[in-house]
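Engineer: I have a structure here, written as C-alpha cells, and I will follow up with some questions on it.
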Amino acid sequence: MPIILLPATAAAPAAASSSVLSHVLDPSKPVAMLVMLFLIAASLFSWAIVFNKWSRLRKATADNERFVKMFRKATGFESIAAACEQCPNAPIVGVYDMGFAEVDRQVKLRNKLTNRTAIERSLQLGANEELALLEKNINWLATTAAITPFIGLFGTVLGIIDAFQALTGAGAASLRAVGPGIADALVATAMGLFAAIPAAIFYNYFSHSIREVGARMDDFGLEFLNLIERVYEG
C-alpha cells in the first residue's frame with residue numbers, strides 16, 4: 001500500500017503546477033488568459049517601480065542629510081556650491097539652486113535683496129519640482145492595488161462559469177467533476193491579491209517617506225532664508 005501512495009503523492013505537486021500553467025496559457029480561453037497575463041504584467045511593473053523608488057528615496061535621504069550638514073558648516077556660497085556637486089541625489093540641492101538663483105538675480109540688479117517674498121516663492125517652486133520627481137509613478141502602485149483584486153475576481157468568475165458549464169455538459173453532479181475547474185479559476189483571485197497587496201503596502205510607505213522629504217525641504221527653506229539675511233542684511 002505505501003508503495004502505491006508514494007508515486008501519487010510525489011506526482012501531486014507536478015500535476016497542480018501543470019494545472020495552473022495550463023490555466024494561464026490555455027488558448028481556448030482567451031479572456032481568462034488575458035486576465036492572467038495582465039495580472040502578471042501589473043505585478044512585475046509594480047515591483048519594478050518599488051525597486052526603483054526604494055533606491056531613489058534611499059539615495060535622496062542620505063544625500064539630503066549630507067548636504068544639510070555641509071550647508072550648516074559652510075563659510076560661503078563657494079563651499080555650498082562644492083557641497084551641491086557632492087550630493088547629486090539630494091532634492092534639497094534643487095531647492096537651494098532655485099532660491100540662490102533668485103537671490104543672485106536680485107543682488108546683481110540692486111546690489112541687495114529687494115523682494116523676500118520672491119525668494120520664498122522660488123524655494124517653494126523648487127520643493128514642488130523635487131516632490132513631483134519623487135512622486136513620479138507612485139500613482140501606478142495605488143492603481144495596481146485598487147484594480148487588480150477586481151480583475152482577479154473577474155477572472156475567477158469566468159473560470160467558475162466555465163466549470164459549471166462543463167459540469168452541465170457532463171451531466172454528472174460531483175465535486176470531482178467541477179473541483180479542478182474551480183481551483184484553476186481561484187488562481188486569478190490569488191494573482192490579483194499577489195499584485196495588489198505589495199503595491200498597497202509600498203504605496204503607503206513611499207507616500208510617508210516623500211512627505212518626510214517634503215517637510216525637510218520646507219525646513220531647509222527657512223535655513224536658507226536665515227543664511228541670506230545674515231549675508232546680505234546682517
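Engineer: How many residues are among the basic types (Lys, Arg) and exposed (fewer than 12 other Cβ atoms within 10 Å of the Cβ) if we restrict to the stretch 214-233?
Structural biologist: Of all residues in the stretch 214-233, those among the basic types (Lys, Arg) come to 216, 230.
Of the ones still in play, those that are also exposed (fewer than 12 other Cβ atoms within 10 Å of the Cβ) are 230.
Matching residues across the stretch 214-233 total 1.
Engineer: Find the residue count for the stretch 103-126, including only residues that are among the hydrophobic types (A, V, I, L, M, F, W, C) and over 15 Å from Val231 (Cα atoms). Steps first, answer last, please.
Structural biologist: So the first thing to find is which residues in the stretch 103-126 are among the hydrophobic types (A, V, I, L, M, F, W, C), and the list is 103, 107, 109, 113, 118-119, 123, 125.
Keeping just the survivors that are over 15 Å from Val231 (Cα atoms) gives 109, 118, 123, 125.
Of the residues in that region, 4 qualify.
Engineer: Please work out which residue is nearest to the chain's Cα centre (by Cα), limiting yourself to the stretch 116-136 and to residues that are surrounded by fewer than 16 Cβ atoms within 10 Å (Cβ to Cβ) and over 20 Å from Ala62 (Cα atoms).
Structural biologist: Leu125
Engineer: Considering only residues of the stretch 47-101 that are β-branched (Val, Ile, Thr) and free of Cβ contacts under 8 Å to residues at least 24 places away in the same chain, which is surrounded by the most Cβ atoms within 10 Å (Cβ to Cβ)? If you could, list the steps in order and put the result at the bottom.
Structural biologist: Filtering the stretch 47-101 down to residues β-branched (Val, Ile, Thr) leaves 49-50, 61, 68, 75, 80, 92-93, 95.
Applying the additional criterion that residues be free of Cβ contacts under 8 Å to residues at least 24 places away in the same chain yields 75, 80.
Values: Thr75: 7, Ile80: 19.
That would be Ile80.
Engineer: Does Val95 satisfy the criteria of being β-branched (Val, Ile, Thr) and under 32 Å from the mean Cα position of the chain (by Cα)?
Structural biologist: yes
Engineer: If you don't mind, there's one more thing I want to ask. Any idea which residue in the stretch 103-116 is nearest to Arg72 (Cα to Cα), counting only those that are in contact (Cβ under 8 Å) with a residue 12 or more places away in the chain and out of contact with any Asp or Glu (no Cβ under 9 Å at 6 or more places or on another chain)?
Structural biologist: So the residue we want is Val103.
Engineer: I've got another one for you. Kindly indicate whether any position in the stretch 6-15 is exposed (fewer than 13 other Cβ atoms within 10 Å of the Cβ) and modelled with pLDDT of 85 or more.
Structural biologist: No: the stretch 6-15 contains no residue that is exposed (fewer than 13 other Cβ atoms within 10 Å of the Cβ) and modelled with pLDDT of 85 or more.
Engineer: Another question, then. Would you confirm whether any residue within the stretch 106-115 is surrounded by 15 or more Cβ atoms within 10 Å (Cβ to Cβ), within 22 Å of Ala215 (Cα to Cα) and not aromatic (Phe, Trp, Tyr)?
Structural biologist: Keep residues of the stretch 106-115 that are surrounded by 15 or more Cβ atoms within 10 Å (Cβ to Cβ), which gives 106-107, 113.
Going one step further and asking which of them are within 22 Å of Ala215 (Cα to Cα), we end up with none.
Looking for residues that are surrounded by 15 or more Cβ atoms within 10 Å (Cβ to Cβ), within 22 Å of Ala215 (Cα to Cα) and not aromatic (Phe, Trp, Tyr), one finds none in the stretch 106-115, hence no.
Engineer: Show the residue pairs that are 6+ apart or on different chains and have beta-carbon atoms under 6 Å apart, the first residue being within the stretch 211-223 and in contact (Cβ under 8 Å) with a residue 12 or more places away in the chain, the second being among the small types (Gly, Ala, Ser) and surrounded by 13 or more Cβ atoms within 10 Å (Cβ to Cβ).
Structural biologist: Matching pairs, first to second residue: Met217/Ala127.
Engineer: If a residue has to be under 12 Å from Tyr96 (Cβ atoms), in contact with a helix residue (DSSP H, G or I) (Cβ under 8 Å, 6 or more places away or on another chain) and part of a helix (DSSP H, G or I) to count, how many in the stretch 64-84 make the cut?
Structural biologist: Step one: filter the stretch 64-84 for residues under 12 Å from Tyr96 (Cβ atoms), giving 64, 67-68, 70-71, 74, 77, 80-81, 83-84.
From the residues that got through so far, the ones that are in contact with a helix residue (DSSP H, G or I) (Cβ under 8 Å, 6 or more places away or on another chain) too are 64, 67-68, 70-71, 74, 77, 80, 83-84.
Checking the rest, the ones that are also part of a helix (DSSP H, G or I) come to 64, 67-68, 70-71, 77, 80, 83-84.
Residues in the stretch 64-84 being under 12 Å from Tyr96 (Cβ atoms), in contact with a helix residue (DSSP H, G or I) (Cβ under 8 Å, 6 or more places away or on another chain) and part of a helix (DSSP H, G or I): 9 in total.
Engineer: Quick one: would you say Leu167 is at pLDDT below 85 and either under 20 Å from Phe38 (Cα atoms) or not in a helix (DSSP H, G or I) (or both)?
Structural biologist: no
Engineer: Further question: Suppose the filter is surrounded by 16 or more Cβ atoms within 10 Å (Cβ to Cβ), β-branched (Val, Ile, Thr), part of a helix (DSSP H, G or I) and at pLDDT below 95; does Ile161 pass it?
Structural biologist: Numbers: surrounded by 16 or more Cβ atoms within 10 Å (Cβ to Cβ): no; β-branched (Val, Ile, Thr): yes; part of a helix (DSSP H, G or I): yes; at pLDDT below 95: yes.
Against the criterion (surrounded by 16 or more Cβ atoms within 10 Å (Cβ to Cβ), β-branched (Val, Ile, Thr), part of a helix (DSSP H, G or I) and at pLDDT below 95), Ile161 does not qualify.
The values are calculated or read from the model by the stated rules, or taken from the named source; none is laboratory data. Keep in mind it's a predicted model, so treat the numbers as computed, not measured. Methodologically, a virtual Cβ is constructed for each residue, glycine included, from the backbone with ideal geometry; neighbour enumeration extends over all protein chains shown.
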